[in-house]
Amino acid sequence: MVSSVVTAKKRMSLYLDEALKSDLERLAKIRKRSLSNLIEVLCEEELERARKDGELKDA
């Protein structure tokens with residue numbers, strides 16, 4: 001069964017070490033999130049930290 005999700009979010013592909021992927025899947029399950037959502041949240045948190053530290057300036 002193929003399901004389609006309507007979203008304005010962009011799709012991207014990435015390559016992960018198998019152990020990293022496995023750990024992320026475990027963490028996503030613990031936090032009751034999808035793997036995709038967990039990665040999105042982790043990226044948002046890191047960007048917020050980079051902005052706070054002055055590493056990344058808003059455009």
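The values are calculated or read from the model by the stated rules, or taken from the named source; none is laboratory data. Quick caveat: nothing in here was measured; it's all calculated off a predicted structure. No Cβ is skipped: glycine too gets one built from the backbone with ideal geometry, and neighbour counts run over all protein chains shown.
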Under 8 Å by Cβ, and 6 or more places apart or on different chains, what pairs join a residue from segment 43-59 that is closer than 19 Å to L24 by Cβ with one that is surrounded by 10 or more Cβ atoms within 10 Å (Cβ to Cβ)?
L47/L56
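Sort out which residues of segment 7-25 are among the charged types (D, E, K, R) and modelled with pLDDT of 95 or more, and write them in order of number.
Restricting attention to segment 7-25, the residues satisfying the condition of being among the charged types (D, E, K, R) are 9-11, 17-18, 21, 23, 25.
If the condition is that a residue be among the charged types (D, E, K, R) and modelled with pLDDT of 95 or more, then D17, E18, K21, D23, E25 are the ones that fit.
If the requirement is being in contact with a Ser or Thr (Cβ under 7 Å, 6 or more places away or on another chain), modelled with pLDDT of 95 or more and either of a type in the set (A, V, I, L, M, F, W, C) or loosely packed, with under 10 Cβ neighbours inside 10 Å (or both), which of these qualifies: A50, A28? Steps first, answer last, please.
Details: A50 fails: in contact with a Ser or Thr (Cβ under 7 Å, 6 or more places away or on another chain).
Within the list A50, A28, the selection yields A28.
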Scan segment 31-59 residue by residue and report those that are of a type outside the set (D, E, K, R), more than 9 Å from the chain's Cα centre (by Cα) and within 23 Å of V5 (Cβ to Cβ).
S34
Within the set of pairs 6+ apart or on separate chains, which have a first residue in segment 20-35 that is among the acidic types (D, E), a second that is part of a helix (DSSP H, G or I), and C-beta atoms under 9 Å apart?
E25/L35; E25/L38
